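Worksheet: the structure to be examined is printed underneath.
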Amino acid sequence: MNQPIPMMVAGDNDRTHCPTCGMAVRLVRRTYDDRADHYEALIIGEDVAKILPPQDPETAAKLHKLRAGKKTVAFVGLAATSCSLAPFEDPDVEIWALNETHAFPWLKRWDRWFQIHATESWKRHIAKRDVRGHFDWLRQRHEIEMPRGSLHKPQDESLKPIYMQYWHPQVPNSIDYPLHEVVGMAFKDFWRGDERVKYFTSTFAYMMGIALLEDFKRVEVYGFEMADEIEYVMQKACAEFWIGLALGRGVEVYTPPGNQILHSELYGGNEQGAGW
């Protein structure tokens, strides 16, 4: 007898997390035997917002104490494993976000933005993750809620900075990313032949460049995993380079438990790490 062609369904009760990277996902089942067939990432704003928790009060209080007296910034990416855990309620922490993150309701506030992509990318009507209206959002005026001591400011200093490849007249908050300053700071002693190295494979690297340029003492990383797509895996080495550079300059770096950046077994076997 021919096997019936299954109809694939996914319900709200089938929400879970990927066992490999922790990404929020929904199971898709076969209706004729109710077995799970595959799973799909929950990347649309409302779906993710319903299941992503904020940081628990105990962790928030502990991290607040660890930040005491330290100029702190939180980078907020879009990985559902930890993006909602950023310290939105701690006014002493700057929140830096990127790309289309504004479309998601878990982003409670921000102080600086990064949109480093080429013009044709951020002008698209439908952007990555099915976000609509990103260019419209960029064309709005986003005013400062709390004064911050950033080195680089928009032409209208009442606006928050949006770092782009260059100032754009249609984006009132836009400022040129200070690439020459960051390269001079980070790569002054690294040359490839007669050319100074410039190593930026993701927005994360550009964000870390500003944090080091402005002498932040603590960087917290939320919503960055770089583990689930070929593009992100190729960017991971650069992100880890910049974290290493930060550590070498005495900067504290925090990631939530289970984060995939700088994560591995010990070479030669994990016995030597037993008990840590």
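The values are calculated or read from the model by the stated rules, or taken from the named source; none is laboratory data. Keep in mind that what you see is a predicted model, and the values were worked out from it rather than measured. Cβ: placed from backbone, ideal geometry, glycine included. Neighbour counts: every protein chain shown.
Side notes on the structure shown:
- Taking every residue in region 170-184 that is touching a residue at least 12 places away in the same chain (Cβ under 8 Å) and farther than 18 Å from residue 211 by Cβ and pairing it with any residue that is part of a strand (DSSP E or B) and among the β-branched types (Val, Ile, Thr), at least 6 positions away or on another chain, the pairs with Cβ-Cβ distances below 8 Å are 171/162; 173/162; 174/162.
- All of (1) surrounded by 13 or more Cβ atoms within 10 Å (Cβ to Cβ); (2) at pLDDT 95 or above hold for residue 143 with one exception: (1).
- The sole residue among 251, 233, 219 that is modelled with pLDDT under 85 and hydrophobic (A, V, I, L, M, F, W, C) is 233.
- Condition check for residue 126: farther than 21 Å from residue 210 by Cβ and in contact with a strand residue (DSSP E or B) (Cβ under 6 Å, 6 or more places away or on another chain): yes
- Helices (runs of 4 or more DSSP H) contained entirely in region 167-276, each with at least 3 residues that are buried (at least 19 other Cβ atoms within 10 Å of the Cβ): 203-213, 230-248
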